[in-house]
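Colleague: Below is one structure. I have some questions about it.
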Amino acid sequence: MTQDIPVPEPGYLRGLNAPQRDAVLTTEGPVLVLAGAGTGKTAALTARLAHLVATRRAWPSEILAVTFTNKAAREMRERVGRLLGEAVEGMPWLGTFHAVAARMLRRHAELVGLTPSFTILDTDDQLRLLKQLLSAADIDEKRWPARQLAGLIDRWKNRGMTPADIDAGEGELFANGRGGELYQQYQDRLRAVNACDFGDLLLHMLVILRTHRDVLADYQQRFRYVMVDEYQDTNSAQYLWLRLLAQERKNICCVGDDDQSIYSWRGAEVANILRFDRDFPGAVVIKLEQNYRSTPHILAAASGLIAHNGGRLGKTLWTEEG
Ligand SMILES: Nc1ncnc2c1ncn2[C@@H]1O[C@H](COP(=O)(O)OP(=O)(O)OP(=O)(O)O)[C@@H](O)[C@H]1O
Ligand SMILES: [Mg+2]
């Protein structure tokens with residue numbers, strides 16, 4: 001004879017509202033959580049991570065959890081630490097896109113002609129190198145500044161484009177059609193000194209995952225669950241990288257603010273949110289609409305400001321305060 005014994009609710013669910021619980025408990029398949037600022041997105045994602053580990057759906061090392069900013073990565077690490085205790089130490093794949101990609105790239109550096117101890121160039125080093133290349137190519141730096149070329153190369157990398165992908169039209173954007181050739185020289189120089197720049201961390205990994213099926217299959221197997229915070233700010237290279245890693249199991253949960261990205265900085269595209277549904281058909285969309293930070297007055301002003309934003313998926317903000 002069995003008796004119904006009330007099961008105590010796990011700590012990580014306490015205090016969450018209904019849609020947040022949905023976001024935590026909908027573990028299988030693609031999930032897109034859309035919400036405004038301060039609606040508890042990071043809180044829900046962190047509880048989800050705790051749930052996956054606590055219910056033994058995955059070991060911490062089998063979860064890929066990426067964020068755009070250091071702040072969000074720190075928040076997640078601290079909160080998961082509080083919810084799970086020491087298990088967070090075993091979360092090597094929780095961090096910013098750049099930190100996670102760098103860790104991954106060190107494991108496969110030789111596949112792109114680097115060694116595992118490659119250095120990561122800062123902006124000053126990058127400009128110094130580009131200036132040398134411009135001078136060697138007899139290009140007038142007053143007319144064609146190194147900074148402009150650096151910006152262009154960065155944009156190409158953010159779009160997932162290697163030198164081979166630069167067509168005549170793109171190359172035309174610098175020094176009368178020499179953009180592609182300079183990009184190639186820059187990449188050659190970096191490789192020769194066993195270095196890469198920030199954009200390369202993602203781009204090199206993208207190239208490796210695309211050209212080495214065994215490496216891709218290994219990560220697709222390893223990552224039972226993929227989670228992304230601040231999804232609205234991901235650039236194309238990051239999106240393509242995520243899509244490859246999650247394509248096999250399709251257990252991917254992206255949390256995004258579709259209003260913040262109207263600022264469109266660093267190649268961020270609201271299109272990322274819209275195309276998630278196309279790349280992961282049948283995605284469950286969950287909306288968090290209760291704001292825990294602002295007063296109704298502030299929300300009204302914010303709604304007015306974002307009313308002109310075309311690509312939104314329809315959501316309103318409300319608050320219980322005041
Ligand atoms: N269900 C809830 N009940 C009460 N407070 C909550 C709830 N969910 C989140 N909070 C609190 O609201 C605040 C904002 O939460 P959180 O940082 O997760 O939101 P966010 O949507 O990620 O914010 P941002 O837009 O800044 O990234 C935090 O102080 C958090 O503790
Ligand atoms: Mg957040």
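The values are calculated or read from the model by the stated rules, or taken from the named source; none is laboratory data. Treat the numbers as computed from the prediction; the structure is a model and nothing was measured. So basically every Cβ, Gly included, is an ideal-geometry build from the backbone, and we count neighbours across all protein chains shown. Protein only, heavy atoms only, side chains kept; ligands, DNA and RNA dropped before computing areas. Shrake-Rupley method; radii C 1.70, N 1.55, O 1.52, S 1.80 Å.
Colleague: Assess whether Arg74 counts as being away from ligand 2 (no atom under 16 Å from the Cβ), assigned to a helix (DSSP H, G or I), of a type in the set (D, E, K, R) and surrounded by fewer than 23 Cβ atoms within 10 Å (Cβ to Cβ).
Modeller: Details: away from ligand 2 (no atom under 16 Å from the Cβ): no; assigned to a helix (DSSP H, G or I): yes; of a type in the set (D, E, K, R): yes; surrounded by fewer than 23 Cβ atoms within 10 Å (Cβ to Cβ): yes.
In short, no.
Colleague: Criterion first (within 16 Å of ligand 2 (Cβ to nearest atom) and open to solvent by 30 Å² or more (accessible area, probe 1.4 Å)) does Glu230 satisfy it? I'd like the intermediate steps shown before the answer.
Modeller: Values: within 16 Å of ligand 2 (Cβ to nearest atom): yes; open to solvent by 30 Å² or more (accessible area, probe 1.4 Å): yes.
Here the answer is yes, as Glu230 does meet what is asked.
Colleague: A further question on this structure: Output the qualifying pairs, or none if there are none: Cβ atoms under 9 angstrom, residues six or more apart or on different chains, first residue in the range 164-175 and over 18 Å from Ala150 (Cβ atoms), second residue surrounded by fewer than 16 Cβ atoms within 10 Å (Cβ to Cβ).
Modeller: Listed by first residue and then by second, the contacts come to Ala164/Gln184; Ala168/Gly177.
Colleague: If you take the residues of the range 95-151 that are charged (D, E, K, R) and within 28 Å of the chain's Cα centre (by Cα), which of them is nearest to Trp241 (Cα to Cα)? Spell out how you get there, then give the answer.
Modeller: Taking the range 95-151 and keeping what is charged (D, E, K, R), we get 103, 106-107, 110, 122, 124-125, 128, 131, 138, 140-143, 147.
With within 28 Å of the chain's Cα centre (by Cα) added as a condition, the list becomes 103, 106-107, 110, 122, 124-125, 147.
Working: Arg103: 14, Arg106: 16, Arg107: 16, Glu110: 19, Asp122: 23, Asp124: 27, Asp125: 26, Arg147: 27 Å.
Residue satisfying both the conditions and the ranking: Arg103.
Colleague: Could you list, in sequence order, all residues of the range 36-46 that are within 6 Å of ligand 1 (Cβ to nearest atom) and not β-branched (Val, Ile, Thr)? Break it down stepwise before answering.
Modeller: Of the residues in the range 36-46, the ones within 6 Å of ligand 1 (Cβ to nearest atom) are 37-43.
Passing the criteria: Ala37, Gly38, Gly40, Lys41, Ala43.
Colleague: Same structure, new question: Given (1) within 23 Å of Cys254 (Cβ to Cβ); (2) among the basic types (Lys, Arg); (3) within 16 Å of ligand 1 (Cβ to nearest atom), identify the lone condition not met by Arg103.
Modeller: Evaluating Arg103 over (1) within 23 Å of Cys254 (Cβ to Cβ); (2) among the basic types (Lys, Arg); (3) within 16 Å of ligand 1 (Cβ to nearest atom) leaves (3) as the failure.
Colleague: Here's something else I'd like to know. Could you give every pair whose Cβ atoms fall below 6 Å, whose first residue belongs to the range 196-215 and is at pLDDT 95 or above, and whose second residue is small (Gly, Ala, Ser), counting only separations of at least 6 or pairs across chains?
Modeller: If the second residue must be small (Gly, Ala, Ser), the pairs left are Leu201/Ala101; Leu201/Ala102; Leu202/Ala101; Leu202/Ala237; Leu203/Ala237; Met205/Ala101; Leu206/Gly160; Leu206/Ala237.
Yes or no, residue by residue, for (1) open to solvent by 10 Å² or more (accessible area, probe 1.4 Å); (2) more than 13 Å from ligand 2 (Cβ to nearest atom); (3) charged (D, E, K, R):
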{"site": "Tyr12", "(1), (2), (3)": "yes, yes, no"}
{"site": "Ala23", "(1), (2), (3)": "no, no, no"}
{"site": "Leu52", "(1), (2), (3)": "no, yes, no"}
{"site": "Ala65", "(1), (2), (3)": "no, no, no"}
{"site": "Phe68", "(1), (2), (3)": "yes, no, no"}
{"site": "Met91", "(1), (2), (3)": "no, yes, no"}
{"site": "Ala99", "(1), (2), (3)": "yes, yes, no"}
